[in-house]
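Okay, structure first, notes after.
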Amino acid sequence: MLPDSRPPHRPLTKKRARKIDQGVGKYTSPHPIETAPRKPAPSTFQPHKGKRRKPGTGCISQINNHLWEGRYSPIWPDGKKHARNVYAQTREECEEVLANLIQQMKAEIAGEKERLKQNRKVS
C-alpha cells in the first residue's frame with residue numbers, strides 16, 4: 001500500500017513522454033512539440049485618448065449636439081470650493097476658454113492669498 005503523502009498519479013501523455021525522453025536520454029524527437037499558436041503582433045498603433053483628465057485642468061462635457069461645458073472647481077485659500085463654468089460651441093473652443101478661465105482663477109487665488117497674508121500681519 002502506498003503512503004498518502006505521494007501526489008496522485010497523472011496519466012502519461014505524448015507531450016510529457018517527449019519531455020522525459022529529452023531530459024533523461026537526451027533524445028530529440030523528429031516531431032516537434034506542439035504549442036499553442038501565437039497571436040500576431042499588432043500591425044498599426046492606434047493611440048487611445050483616456051477619459052480622465054489631469055488634476056487642475058478642469059472638466060469638459062458635452063451637454064447636447066451643439067454645446068460643450070467646461071468646469072473648474074479649485075479650493076480657495078479660505079478652504080471653500082468655488083466652481084465656475086464656461087460654454088462653447090465646439091470642444092476645441094471650450095478647451096481654449098477653459099484654459100483662460102483657469103489662468104484667471106489662479107491669479108484671483110494668488111491675490112486672495114496675498115490679501116489674507118496682509119490681514120494676518122495687521123491683526
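Each reported figure results from applying straightforward, stated rules to the coordinates on display, with no laboratory input. Note that the coordinates shown come from a computational prediction; the quantities given were computed from them, not determined experimentally. With ideal geometry, Cβ positions are generated from the backbone for all residues, glycine too; neighbour counts draw on all protein chains shown.
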Which members of the stretch 89-113 meet the condition of being in contact with a Gly (Cβ under 7 Å, 6 or more places away or on another chain) and within 11 Å of residue 60 (Cβ to Cβ)?
-> 94, 97, 98
Of all residues making up the stretch 74-123, the number that are of a type in the set (Gly, Ala, Ser) and assigned to a loop (DSSP other than H, G, I, E, B) = 3
Tell me which residues, restricted to the stretch 61-110, are among the basic types (Lys, Arg), under 22 Å from residue 51 (Cβ atoms) and surrounded by 14 or more Cβ atoms within 10 Å (Cβ to Cβ).
-> 71
Give the residue that is farthest from residue 66 (Cα to Cα), with candidates limited to residues of the stretch 88-123 that are among the acidic types (Asp, Glu) and under 30 Å from the mean Cα position of the chain (by Cα).
-> 96
